[in-house]
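Peer 1: Pasting a structure below so you can have a look.
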Amino acid sequence: MGSSSKKKKEKQKDFAKPKLRVGKTKPKADNHTSTSFKSKAVVVGHQSLNAAAPTAQTQLKHNLTLLNHHSHTTRRDSLAHIASVLSSSQSAGPPLPFSVILPALAPLILDTAAPVRTQLLTLLTNLTKPKDLRQDAIIPADAVRMHTPRFLLYIHSAMTHISADIRADSTNFLALLLNVVGEEAVRGAKGWGKTLKCWMVLLGWESAKSGAGVRTSTIEFSDPGKNKKASQQHLSVLKQFLTIGMLVAEEPVSNLDIGRNDLLRPHQYTELYLLPRTSNIYAHLSLFATSVAVENVNEEDAEGSAEDCDSRKRIMKNVFEGNIRAGLLARIQEGGEVGRQAGGVLKILDKALNTTDMEA
Amino acid sequence: MVKRKRTALEKQTNLPSLQNQIRRDPPSYRDDFLIQYRHYESQRDIFLAQPDGYDSDPFIEQLAFITHVADCYPAVTARFPQDLAELLLHHHNTLEPDLREKLVQCLVQLRNKDVIPSTALLQTLFPILTTTHSKHLRSQLYQSIVSDIRNANAKTKNHRLNKTVQGVLFNVVEAGKSTPDATVGLWAVKVTRELWKRGVWDDARTVEIIKEASLSANAKVMSGGVRFFLGVDKEKEEMDESDDEEDYSESLSKLKHQAGVNKKTKKKQTQMDRAIDKLKKKEKNKHKASPLNFSALHLLHDPQGFAESLYTMHLAKNNNKLSMEQKLLVLQLVSRLIGLHKLTVIGIYSYLLKYLTPRQREVTRFLVAAAQATHDHVPPDLLEPIIRKIADEFVSEGVAGEVATAGLNSIREICARQPLAMNDGLLQDLTAYKGSKDKGVMMAARSLIGLYRDVAPEMLKRKDRGKTATMEMKSKEKLRFGEEAPGTIEGLDLLEKWYEEQKAKKGEEGGEEEVDGDDDDQAWEGWDVESDSDDSGSWIAVASDDEKDIEISDSEDEKPSARSKKARADDEPVANGGSAEQPAAESEGNIMSLATTKILTPADLANLAKMRAQTDLQKASSKTITLKNEDEVDQSIIEGPKTRGKSDKEARLAAVMEGREGREKYSSKRGKALAEKPHSTTNKEKARRKNFMMTLGQAKKKQKRSLMDHRRILKAHVERQKKGK
C-alpha cells in the first residue's frame, strides 16, 4: 500500500509542471548536471618554458614600472638593473629613449628609503661622468639638460621635505645637476629664485636678516654628528651653486685664439642684440602657458627672469643677500670646519656682488 | 636642563605632530612651517607640470596640514586660498577625485576658520558646480554651498551675503533664460529651493529668482521653478512639523522620570537643566509668530505680468518642446495665480476648452485648473463656453458614472466661484441627475442644488428650492456681475447674539445700564498700556468721553469707528467668502450694528475668535460647501467618491494570489524539516490513516468505559502532560 507520504510526494513531484516566470531564472531540468567545480589550487602539469628570453627593452620597461614598487629593496634592485642595462648598451644607445627613463628616475629623489636614494645618486653620477676624454658619458649632458626642470622640481621638493634624511641628500642631487649641466641648472625662475628660496628654508636663514637669528627649533641640531656633516655638505654645494650662478666662467684667453669673440665683435654689448643662445628666455612671462595664475611671478621679484648672470645678481641683491650674509656670519662665528666653509661662501658672494659694483 | 633642551629640539618626522606643536606655539615653529610651505609649493609645481598621472597622496597630506595651520601664519599663506581656488577652477575636470575632494574640503575649512569670506568660497564653488562633469563632486559642492549659507544665517540673517548670493543666482538664471539648452539655472533653482525649504531665505528676492527660472526657455529649469511655486509651501510645513516631532520625543516628563530613577550626578543634573532650557526655548519659539512666513505666491511682484508671460511663453503658442506633464504644471501654476490674486488672463479659458473632453489624458487636472482659474471677477461669458462644454462632454446618459461625477463636480466648483456663469436651463438639466443610480453622480447633483439654494434659488426648479431658500428668496437681491458684498467682520452676528443672551441674563438680575458700562471697562483692563499707569481715575473719565464719540458717529450713518476699522484690518477683509456665510435673512444694518455702535474690546475679539472656531467646527462636520478662491482645488473633490466594484475585489484577490506564488508556505519548521529529509511515517500520520475498521473496536470500548476507568485515564493523561512526555 502506498502508505509512505514520501513515496507519494516523490511520485507527484515527477508530474509537477515547473512554472516559468518573467524575471526569474529558469528552473533547472531534471537531468541537469552541474559542471561547476571547486578547487583549492590550480595545478599546472607542465610549465611552458619559452625559449626566447624577453628583450632588453621589455625588461627595462618592466624595471621602470618597478620603480614605484612598495618594497624599497625592489626599487633599489630595479635601479641597479637599469644602471647595468644602460652601462652595457653603450654603443647601440639605450633600449628606451632617455626621455622615458629620466622622468621616471626623477621622483626617486624623494624616496623615503636611503638605500634607494644612494643607488640613484651613484647611478646618475656614474652614468653622467665621461669615462675618458674621447668618450662621451653614457647619459649625455644634453639629455639631462632637457630634463633639468623636472629634476629641479623634485630637488626643490626634497630640499623642503619633512624628513631630515631626504633633505640632507637633496643637495647631493643639486651638486650632481650643477656638475652635469652647469649654468642650465641655475637659469630661469625655477633654477634661481625658487632654488634660493629652498636654500633659505633648508639652512634656516629665512628670517636671519630681521634679527630673529638662525633657526630656533629644528632638526638640524638634533643629531649633532650627522648634522655637521650635512651642513658642511650643504655649504659646499651652496658655494658651487653661487659660483655657477653669479660668476661668469672666465675662459683662458690667448691672443692666438681665432674663436675669441671679443675681437670679432663691433661692440662690447653685441651679445645682447644677438639671438639668444638659450631657448625660451621669456619663460617667466609664461606667455603661452594655459594656467597663468598659479605661477606667482613677482613675490619681491624673487622668481622673475633669471636668464643671465646680471639678472641673477640683481635678484640676489634685492631679495636674498641680507639673509644669506646674516646666516653665513652666524656660521662663521660657530667656527670649525663649518665656519671655514661659510667663510668660503661669503668670499664668493663678495666677489660676485663687488664686481658688479665696480662695473656700475 | 639637558632634558629640556632635547625635548625642545624634538625631531619632526610627521606632519600631524608638527601640526599639533604649531597649534600650541606658532611663533617658535615658524621655520618648520616655512619649510613645509615651500614643500607645498614645490609639490604644487610638480603637480602642475603633469596634472594627470600624479601620485597625489603626499600632496593631499600637505594640503591638509597647511589648511589646518593657515590661520597661524596669515602673512605667509596669503596666497594659499587663491592657489587652491585656481587649482580647482582650472583643473577640476582632470584632477584625481581624492585630490579634488580634498581641495573642496580645504576651502570649506578655510572658510570655517574665517581665513576667507563666504563670498570668496561661493564664487569659487558655484562656477564649478555648474560646469563639472562629476556627479560626486557636484553633490559635494552642492552640500558645502548650502551648508555654508545656512551656517552664515544660523544666528542672524546675513543680509549682505544673502544679497550677493541671490544676485549671483539671479544672474545665472537670467543668463540662461533665453537659450533652451542651458541647464545652469537648474542648480540655482535647486540651491534656492533648498534654502527656502529650510527657512534660510524667505524674502521677495528669492521668489524673484524662481520667477525668472520659471520663465526660462529650458524645460527642466522651467519645471523646477514651477514646482517650487506649487509645492514648496507644503514642503516647508512638513519640515516644520518634523522638527516639532523631534521635540516631543525628548519630552520633559521622560527626563524627569529618568532623573528620579537613575543615579544622581552632576553631569545628569546639567543634562537635565540643558534639556529644560531647550524645551523652554522651543516653547517660546512655537508661540512666537514668525514675521516673514509669507507664501512664495504672495511674495510675487506683479503677479499679473508673471501669469501673462507664463501663459504666453509656455502655453499659448504651440510650444511642442514641453511635455504634457510640464504643460500641466504650468497650467496649474497659472490657474492658481489667477485664482489667488484675482487676475485676468483671458486666453487661458479658450485654451482650456480644447482639453475638456473625457478622453483627454489627466483630464481631472485640467478640470481642476479650470476651477482654480475662476473667481468672481471673471466675466461670465468667458466661463459659459467652458461650462457648456463640460456639460455636453461629461454629463450625459451615455457616459460612465465617474465621468459624469467629475463633470458635475467641476461645474459646481466653477459655479461656486462665479455663480453667474450658469443659466437656468442648463442648471435645471443638470440638477435632474439628482435621482441617478450612481452614488457619485447623485451626490454631485445634490451639491449643485445645495450651492444654488444659497446663491440664487430662483434659478432652481421650484421643487428643488427647499423651504428655507424659498423663504429667503423674497429678501434676496438678484446677483449682478462685479458687485462686491460689503465687508464684515466674520462672526460678528454670533457675538451680537451672545451679547443679547448676556443682556437677557443680566436683565433678569436688574440694573441693566450700569452693568453694561462697567462691563466694558473690565474688558479693557489688562490690555491697554495706560491701565497700568498710576492715575486710573483719569482713565475712567477718558473712557466716558470715548463713548460719547461713538454716539456721535452713530448718528452719521454707517461710518465704522477707528478701532473696529483696525480690527477689520487684522482679520482679512473677506469679500465673497464672508458674505456667503452670512445668513441672508439678516438685513445689512443689522449686521453692521454692533461694529458701528461699539468698540470691540480685546476680550470681545478673543470671544469672537472662540465662537468662530466653534461654528467652523460645526460647518466642517455638516457638509456645506465653503469655498475661497485662494485655496487650491483638490483633485479628489472633482473625482468624487471612489467605489470599488466586485470586479475590483477579484482583481485584488488575484493580486494576492500572485504575490503568494513562489514564496514558501507559512507552516511549522518541524513539518518543513520532516518533509525534506527521508523519514519513516510519524505516529500522527499512522493514526490518521489507520484503517477505520480497526478503530471501531476501540471506539466501542471507549463508550463502555466505567466512570472510574474514565477518571483514571484522564488522570494519567494529566500526569503525562506534567512530566512533559
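Peer 1: Is there a simple number for the mean count of other chain Cβ atoms within 10 Å of the Cβ of residues in A:158-168, and what is it?
Peer 2: Partner-chain Cβ atoms within 10 Å, mean over residues of A:158-168: 4.
Peer 1: While we're here: Restricting to Cα pairs below 8 Å that are 6+ residues apart, what does the relative contact order work out to for the stretch B:346-473? Please round to a whole percent.
Peer 2: 21
Peer 1: Can you tell me which lysines have their Cα less than 20 Å from the Cα of A:Lys228? Leave out same-chain residues fewer than eight positions away.
Peer 2: List returned: A:Lys239, B:Lys5, B:Lys11.
Peer 1: If you add up the charges near B:Ala469, with Lys and Arg at +1 and Asp and Glu at -1, over every other residue whose beta carbon is less than 13 angstrom from its beta carbon, what do you get? Intermediate values should be presented prior to the final figure.
Peer 2: Details: positive: B:Arg453, B:Lys461, B:Arg462, B:Lys463, B:Arg465, B:Lys467, B:Lys474, B:Lys476; negative: B:Asp454, B:Glu458, B:Asp464, B:Glu472.
So the surrounding residues net to +4.
Peer 1: Fewest Cβ neighbours within 10 Å first, please rank B:Arg160, B:Arg138, B:Arg465 accordingly.
Peer 2: On the way: B:Arg160 11, B:Arg138 16, B:Arg465 19.
Result, fewest neighbours first: B:Arg160, B:Arg138, B:Arg465.
Peer 1: Something else: Check the straight Cα-Cα distances from A:Lys190 and name the lysines below 16 Å, setting aside those fewer than 8 residues away within the same chain.
Peer 2: Cross-link targets: A:Lys313.
Peer 1: Using the Karplus curve 6.51 cos²θ - 1.76 cosθ + 1.60 with θ = phi - 60°, work out ³J(HN,Hα) for each residue of the stretch B:73-83 in order, rounded to whole Hz, and write x for Gly and Pro.
Peer 2: 10, x, 5, 5, 9, 4, 8, 4, x, 5, 4
Peer 1: Among the listed pairs B:Lys327/B:Lys354; B:Lys234/B:Lys282; B:Lys437/B:Lys461; B:Lys211/B:Lys281, which have their C-alpha atoms separated by more than 24 angstrom in this model?
Peer 2: B:Lys211/B:Lys281
Peer 1: Considering only the other residues whose Cβ falls under 13 Å of the Cβ of B:Thr270, what net charge follows from Lys and Arg at +1 and Asp and Glu at -1? Please list the in-between numbers first.
Peer 2: Values: positive: B:Lys264, B:Lys266, B:Lys267, B:Lys268, B:Arg274, B:Lys278; negative: B:Asp273, B:Asp277.
Summing Lys and Arg as +1 and Asp and Glu as -1 gives +4.
Peer 1: At 1.306 mPa s and 10 °C, plugging the Kirkwood radius over alpha-carbon pairs of the stretch B:2-242 into Stokes-Einstein gives what diffusion coefficient in µm²/s?
Peer 2: After rounding, the answer is 79 µm²/s.
Peer 1: Arrange B:Tyr452, B:Tyr355 by Cβ neighbour counts within 10 Å, fewest through most, would you? Working shown, then result.
Peer 2: Numbers: B:Tyr452 25, B:Tyr355 20.
The most exposed by this proxy come first: B:Tyr355, B:Tyr452.
Peer 1: To the nearest whole number, what is the average tally of beta carbon atoms from other chains within 10 Å of the beta carbons of peptide B:26-35? All intermediate terms of the calculation are to be shown ahead of the outcome.
Peer 2: Working: counts 0, 2, 2, 3, 6, 14, 8, 1, 8, 14.
Mean shielding by partner chains, rounded to a whole number: 6.
Peer 1: Classify the stretch B:63-199: rounded, prolate or oblate, from the alpha-carbon gyration tensor (a ≥ b ≥ c, eigenvalue square roots; a/c under 1.5 rounded; otherwise prolate if a/b is larger than b/c)? Please report the intermediate quantities before stating the final value.
Peer 2: Values: a/c = 2.02, a/b = 1.31, b/c = 1.54.
It is oblate, given that a/c is not under 1.5 and a/b is not larger than b/c.
Peer 1: Using θ = phi - 60° and the Karplus relation 6.51 cos²θ - 1.76 cosθ + 1.60, list the HN-Hα couplings for the stretch B:349-366 in order, rounded to whole Hz, with x at every Gly or Pro.
Peer 2: Each residue's phi maps through the Karplus curve to give 6, 6, 5, 5, 3, 5, 9, 8, 10, x, 7, 4, 5, 6, 5, 4, 5, 5 Hz.
Peer 1: Normalised by the residues of the stretch B:2-242, what does the relative contact order come to in percent, with Cα pairs under 8 Å and at least six apart?
Peer 2: Once normalised by length, the contact order is 12 percent.
Peer 1: Can you classify the stretch B:125-180 as rounded, prolate or oblate using the Cα gyration tensor, where a ≥ b ≥ c are the square roots of its eigenvalues, rounded means a/c under 1.5, and otherwise it's prolate if a/b beats b/c and oblate if not? Please list the in-between numbers first.
Peer 2: Working: a/c = 3.63, a/b = 1.26, b/c = 2.87.
Cα axes put the stretch B:125-180 in the oblate bin.
Peer 1: Separate question: Tabulate in residue order the Karplus-calculated ³J(HN,Hα) for the stretch B:297-308, using 6.51 cos²θ - 1.76 cosθ + 1.60 with θ = phi - 60°, rounded to whole Hz; enter x for Gly and Pro.
Peer 2: Per-residue couplings from phi come out as 5, 6, 7, 5, 7, 6, x, 4, x, 5, 4, 5 Hz.
Peer 1: Please list A:39-49, B:166-176, A:137-147 highest first by mean number of surrounding beta-carbon atoms within 10 Å per residue. If you can, show how the numbers build up before the last one.
Peer 2: On the way: A:39-49: 5.3, B:166-176: 19.5, A:137-147: 17.3.
Averaged packing, sorted descending, gives the order B:166-176, A:137-147, A:39-49.
Peer 1: Using the alpha-carbon centroid of each, what span in Å lies between the stretch B:418-468 and the stretch A:20-54?
Peer 2: Spelled out, the Cα-based centre of one part sits 79 Å from the other.
Peer 1: Could you work out, residue by residue across B:685-694, how many beta carbons of other chains sit within 10 Å of that residue's beta carbon, and then give the average as an integer?
Peer 2: Across B:685-694, the average partner-chain Cβ count within 10 Å equals 1.
Peer 1: Next question. What shape does the stretch B:55-106 take by its C-alpha gyration tensor, where a ≥ b ≥ c are the square roots of the eigenvalues and a/c under 1.5 counts as rounded, a/b above b/c as prolate, and the rest as oblate?
Peer 2: Values: a/c = 2.64, a/b = 1.54, b/c = 1.71.
Oblate is the answer for the stretch B:55-106, as a/c is 1.5 or above yet b/c matches or exceeds a/b.
Peer 1: A follow-up question, please. Could you list, in their original order, any pairs among A:Lys197/A:Lys229; B:Lys155/B:Lys190; A:Lys6/B:Lys701; B:Lys505/B:Lys598; A:Lys24/B:Lys220; A:Lys129/A:Lys229 whose Cα atoms are separated by more than 29 Å?
Peer 2: In this structure, A:Lys6/B:Lys701; A:Lys24/B:Lys220 lie more than 29 Å apart at Cα.
Peer 1: Using the number of other C-beta atoms within 10 angstrom as an exposure proxy, rank B:Glu413, B:Glu384 with the fewest first. Mind dumping the intermediate values first?
Peer 2: Numbers: B:Glu413 23, B:Glu384 16.
Placing the least packed residue first, the sequence is B:Glu384, B:Glu413.
Peer 1: Please tell me the relative contact order of the stretch A:56-146 in percent, rounded to the nearest whole number, where contacts are Cα pairs under 8 Å and at least six residues apart.
Peer 2: For the stretch A:56-146, the relative contact order is 27 percent.
Values in this text are rule-based calculations from the coordinates and carry no lab data. Given the structure is predicted, the values throughout are model-derived calculations rather than measurements. Cβ coordinates were reconstructed from backbone atoms using ideal geometry, including for glycine residues, and neighbour counts include every protein chain displayed.
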